[in-house]
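**Q** I have a structure I would like to understand better, so I am pasting it below and will then ask my questions one at a time.
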Amino acid sequence: FRAPVSVLEQAVADVFEEVLGIDRVGADDDFFALGGNSLLATQVVARLSTALETRVAVRTLFEAPTVEALAARMESHVGGGGRRALEPVQRPAHIPLSLAQQRMWFLNRFDPESGVNNIPVAVRLTGHLSLQALRAAIRDVLSRHEILRTVYPEVDGVATQMILPASAVKQDLTVETVVAPELLPRMVEFVSAGFDVTAKPPVRAGLFMLSKQAIAENLLDVDCVLVFVVHHIASDGFSTGPLARDVMLAYNARVQGETPGWSPLPVQFADFALWQREVLGSESDPKSLLSEQISYWSTQLAGMPSVLDLPKDFARPAVASYAGAVRRLTLSADFVAQLNEVARASQTSLFMVVHTALAVLLARLSGTADIAIGTPVAGRGERELDDMIGMFVNTLVLRTKIEPGATFGELLAVVREVDLSAFAHADLPFERLVEVIGPERSQAYSPLFQVMLTFQNMGLTRFELPDLTVSAVPFDDGMAKFDLQITLIENAAGGLDVQLNYATDLFTAETIDLVGSRYVRVLEAFAADVNSIAGEVPLTDARELAEIASWNETACGVDGSQTLVSLFERQVGLTPDAVAVVCEGECFTYAE
């Protein structure tokens, strides 16, 4: 360990420590070697940009990943002007939606009964539970987060945010007793029901009791599952952590007869929505951040195919049902270590490695070189957003040209440039991007991309409550927003759990299992030799090859002394009245 020696090095080390959640970072420590990745890199540069009043590019962190090197690269730019700090502001009479919320509002008005944009979180509670304390905790959380008590009415033709006072929100906890076989179906039904976001806050909570026994006043001995569901207009996947944490913290206080001791949030979502519009600027201003990013994406995605046509089991329906299912597999810790070594050796990240492998696979399966993959980014660069619930997530379109004769190393270099450029232009909301690009729109598939790659490394949130055991409850809600979504989740063993969420309109489970096994095969070839030709990696294993060979076993014995005429005469004798020829609607038998 060598301590940072300058104020600037210390500032960089402090941000590394904060983002990575570690206690001590030295001048020689490498961000990626400490566990950093592409997604966390965007947080680092956003926080350094604010703290040092400058603009730091994601690319700079990849090129200079140690504390000392990054500080040296930034030294001449400090104080050069960063974007305005995120802080509470004076609010107008009608608070606008954030740009991403606008699309969610429109989709909800189009189909308020749909649950496809609902964000669920479930935890299992076992032990002694106070329903009174739990209800009070939920009210505490609604009071803390304005976004959970916001409705979105239309005023003069424009959607607005209307924040209700905590006293006016009648959010209650639905308590229901179920038997074990009914638990999952009932949870899916609960989280899949739609919301009318213009009428009341789009959040609900349910408690599904598998067993309960009263042991004291307001205290039950239980085995149950607590489920929250929030519409995407008010939440995102990253918000499930702060939501579950705040409920548990408030419960812990309430069960002891106290109020939660948390500090007030530095800002609320309405402040963010107003700040975002100011930071992005106006499209009419060619020098604004919004105009600059629109220009980048318009060039990057020009002429892109509307649909990535993967081999399907069923014809694509005219309107997607969003029905889905999940298949799973696991990459071992040793294998993930190999992939990380590839990333380190190429100055990339694990995300870029798995992205390259997926692009290669999709190119092979679809027979096209132009591959577009969607990926979410947290959109929480500013530290003020760390503890907030809200819709901050954005979606990037990663478009890559995959040449089959290129090596993995060459393709990884291409993907590195694509990903770094995309992360540097991650402020333009996806919903506005769709409007700008104007792809052919269809209810049969998602615009701009149909395959999503998600990398989750948020860590496992653990709670300790008196007399109560709390554990996460992952479950499949039976929905799929895309043709295929591949989610890689870091597990406690150091490996990656891979979830393949797929549209059952298009694929069978067997086909998705093949996709999963072929993805692993590409990753294995990548890890074994980055100089191997990507287009030459065998996608089929010995079992599949044997099966294909069996299909081709069509040989039959032929009597060499027979002629075509004698064979025909034999058939005439066997089936004289059978139809031999059909010509322009007229039939002729063998005898004829």
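The values are calculated or read from the model by the stated rules, or taken from the named source; none is laboratory data. Bear in mind that the values here come from a model prediction, so they are computed numbers and not experimental data. Here Cβ is always computed from backbone atoms with ideal geometry, including for glycine, and neighbour counts include all displayed protein chains. The area values use the complete protein model at the heavy-atom level, side chains included, leaving out ligands, DNA and RNA. Shrake-Rupley method; radii C 1.70, N 1.55, O 1.52, S 1.80 Å.
**Q** Rounded to the nearest 0.05, what FRET efficiency do Asp529 and Thr589 have when you use their Cβ-Cβ distance and R0 = 56 Å?
**A** Efficiency at R0 = 56 Å is approximately 0.30.
**Q** Follow-up question, since we're still on this one. Helix 542-551 sits at what angle to the longest principal axis of the chain, using alpha carbons and giving 0 to 90 degrees rounded to 10?
**A** 40 degrees
**Q** Hey, with R₀ at 25 Å, roughly what FRET efficiency would Glu544 and Ser321 work out to, going by the Cβ-Cβ distance, to 0.05?
**A** Approximately 0.25, to the nearest 0.05.
**Q** Continuing with this model, one more query. With a probe of 1.4 Å, find how much accessible area the chain has per residue, and write the answer as a whole number in Å².
**A** Result: 46 Å² per residue.
**Q** Which value, in Å² and to the nearest 10, is the accessible area of Phe568 when all protein chains are kept and the probe is 1.4 Å?
**A** 100 Å²
**Q** Check the straight Cα-Cα distances from Lys212 and name the aspartates and glutamates below 17 Å, setting aside those fewer than 8 residues away within the same chain.
**A** Glu176, Glu182, Asp221, Asp223, Asp467
**Q** Moving to a separate point now. Ranked highest first by the average count of other Cβ atoms within 10 Å around their residues, in what order do 191-201, 34-44 fall?
**A** Answer by packing, highest mean first, reads 34-44, 191-201.
**Q** Distance from the Cα centre of the stretch 498-537 to that of the stretch 98-164, in angstrom?
**A** That distance is 37 Å.
**Q** Here's a follow-up. Each residue of the stretch 11-24 in order: what ³J(HN,Hα) in whole Hz does its phi give by Karplus 6.51 cos²θ - 1.76 cosθ + 1.60, θ = phi - 60°, with x for Gly and Pro?
**A** Ordered by residue, 3J(HN,Hα) equals 4, 5, 4, 4, 5, 4, 4, 5, 6, 8, x, 10, 8, 9 Hz.
**Q** Quickly work out the His94-to-Ser295 label distance, labels modelled 7 Å from Cα along the C-beta direction, and quote it in nm with one decimal.
**A** About 3.2 nm, to one decimal.
**Q** With a cap of 15 neighbouring Cβ atoms within 10 Å, and only residues DSSP puts in a loop, list the GluC sites (Glu not before Pro) found in the stretch 31-100.
**A** In loop regions of the stretch 31-100 (DSSP not H, G, I, E or B), the sparsely surrounded GluC sites (Glu not before Pro) are Glu53.
**Q** Under 21 Å Cα to Cα from Lys170, which lysines show up? Leave out anything in the same chain fewer than 8 places away.
**A** Lys200
**Q** Which aspartates and glutamates does Lys312 reach when only Cα atoms under 16 Å apart count, and residues fewer than 8 places away in its own chain are ignored?
**A** Asp483, Asp505, Glu510, Asp513
**Q** Place the peptides 496-507, 481-492 in order of packing, highest mean first, counting for every residue the other Cβ atoms within 10 Å and averaging per peptide.
**A** Going by the mean number of other Cβ atoms within 10 Å, highest first, we get 496-507, 481-492.
**Q** Any chance you could give the angle, 0 to 90 degrees and rounded to 10, that helix 408-423 forms with the longest Cα principal axis of the chain?
**A** 40 degrees
**Q** A further question on this structure: Got a sec to turn the phi values of the stretch 137-145 into Karplus ³J(HN,Hα) couplings, 6.51 cos²θ - 1.76 cosθ + 1.60 with θ = phi - 60°, whole Hz, x for Gly and Pro?
**A** In residue order, the calculated couplings are 5, 5, 5, 4, 5, 4, 5, 5, 10 Hz.
**Q** Ok, one more. Rounded, prolate or oblate: pick one for the stretch 455-592, where a ≥ b ≥ c are the square roots of the eigenvalues of its C-alpha gyration tensor, a/c under 1.5 means rounded, and failing that, prolate if a/b is larger than b/c, else oblate.
**A** prolate
**Q** About its Cα centre, what dipole magnitude does the stretch 310-349 give when the only charges are +1 on Lys and Arg Cβ and -1 on Asp and Glu Cβ, stated in debye to the nearest 20?
**A** The dipole magnitude comes to about 200 debye.
**Q** Rounded to the nearest 500, what is the 222 nm mean residue ellipticity of the chain from helices alone, with -39500 (n - 2.57) per DSSP H run of 4+ residues and division by all residues?
**A** So the helix-based figure for the chain works out to -11500 deg cm²/dmol.
**Q** From the phi angles alone, apply the Karplus equation (6.51, -1.76, 1.60; θ = phi - 60°) to the stretch 491-500 and give each ³J(HN,Hα) in whole Hz, x where the residue is Gly or Pro.
**A** Each residue's phi maps through the Karplus curve to give 10, 5, 7, x, x, 10, 8, 10, 10, 10 Hz.
**Q** Against the longest alpha carbon principal axis of the chain, how many degrees, from 0 to 90 and to the nearest 10, is the axis of helix 240-255 turned?
**A** The two axes meet at around 40 degrees.
**Q** Going by amide H atoms built from the backbone, whose H comes under 5 Å of the H on Thr330, apart from near neighbours?
**A** Val498
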